[in-house]
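Student: Below you'll find the structure I mean.
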Amino acid sequence: MLQGAKLIGAGLATIGLAGAGVGIGTVFAALINSMARNPSLQKQLFAYAILGFALTEAIALFALMMAFLILFAL
């Protein structure tokens, strides 16, 4: 019973990974759109995109860490 609850909890915790995938796609879609509108700001826009990617990926790693904690630490 407890093992089944752990597996369900870990599965629910990984839903955040799908949200991170959507977030990363949104960040780079906005980058392409912005570069098409104003190519002279390419360097600054790319720096902002990398920052957005890093923050979104941090949320994904946090969700993955929670799933592993549910599976192996509890």
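The values are calculated or read from the model by the stated rules, or taken from the named source; none is laboratory data. A quick note: this is a predicted structure, and the numbers were derived from the prediction, not measured. Positions of Cβ are generated from backbone atoms using ideal geometry, with glycine treated the same way; all protein chains shown enter the neighbour counts. Please note that ligands, DNA and RNA were not included when accessible areas were found on the heavy atoms of the full protein model with its side chains. Shrake-Rupley method; radii C 1.70, N 1.55, O 1.52, S 1.80 Å.
Student: May I ask for the Kirkwood hydrodynamic radius of the chain, worked out over all distinct Cα pairs and given in angstroms to one decimal?
Tutor: 13.9 Å is the Kirkwood radius here.
Student: Here's a follow-up. Suppose each label sits 7 Å from its Cα in the direction of the beta carbon; what would the N33-L61 distance come out to in nanometres?
Tutor: 2.8
Student: Ok, one more. Using θ = phi - 60° and the Karplus curve 6.51 cos²θ - 1.76 cosθ + 1.60, what whole-Hz ³J(HN,Hα) does each residue of the range 22-38 get, with Gly and Pro shown as x?
Tutor: Running phi through 6.51 cos²θ - 1.76 cosθ + 1.60 with θ = phi - 60° gives 5, x, 5, x, 5, 4, 6, 5, 5, 5, 4, 4, 5, 5, 5, 7, 9 Hz.
Student: Using a 1.4 Å probe, what is the accessible area per residue for the chain, in Å²?
Tutor: Numbers: 5320 Å² over 74 residues.
Using a 1.4 Å probe on heavy atoms only, each residue of the chain averages 72 Å².
Student: While we're on this one: Quick one: Karplus J couplings for the range 64-74, per residue in order, coefficients 6.51, -1.76, 1.60, θ = phi - 60°, nearest Hz, x for Gly and Pro?
Tutor: Here the 3J(HN,Hα) series is 5, 4, 5, 4, 5, 5, 5, 6, 10, 9, 9 Hz.
Student: Could you tell me what percent of the accessible area of the chain is made up of carbon and sulfur, with a 1.4 Å probe and every protein chain present?
Tutor: Numbers: 4130 of 5320 Å².
Of the solvent-accessible surface of the chain, carbon and sulfur hold 78 percent.
Student: Continuing with this model, one more query. Rounding to the nearest 10 and keeping the result within 0 to 90°, find how far the Cα-based axis of helix 2-13 lies from the longest principal axis of the chain.
Tutor: For 2-13 against the chain, the angle is about 10 degrees.
Student: Calculated FRET efficiency, F72 and Q42, Cβ-Cβ r, R0 30 Å, to nearest 0.05?
Tutor: Calculated value: 0.10.
Student: Same structure, new question: Got a sec to turn the phi values of the range 48-60 into Karplus ³J(HN,Hα) couplings, 6.51 cos²θ - 1.76 cosθ + 1.60 with θ = phi - 60°, whole Hz, x for Gly and Pro?
Tutor: Per residue, the Karplus-derived 3J(HN,Hα) values read 5, 5, 5, 5, x, 4, 5, 5, 5, 5, 5, 5, 5 Hz.
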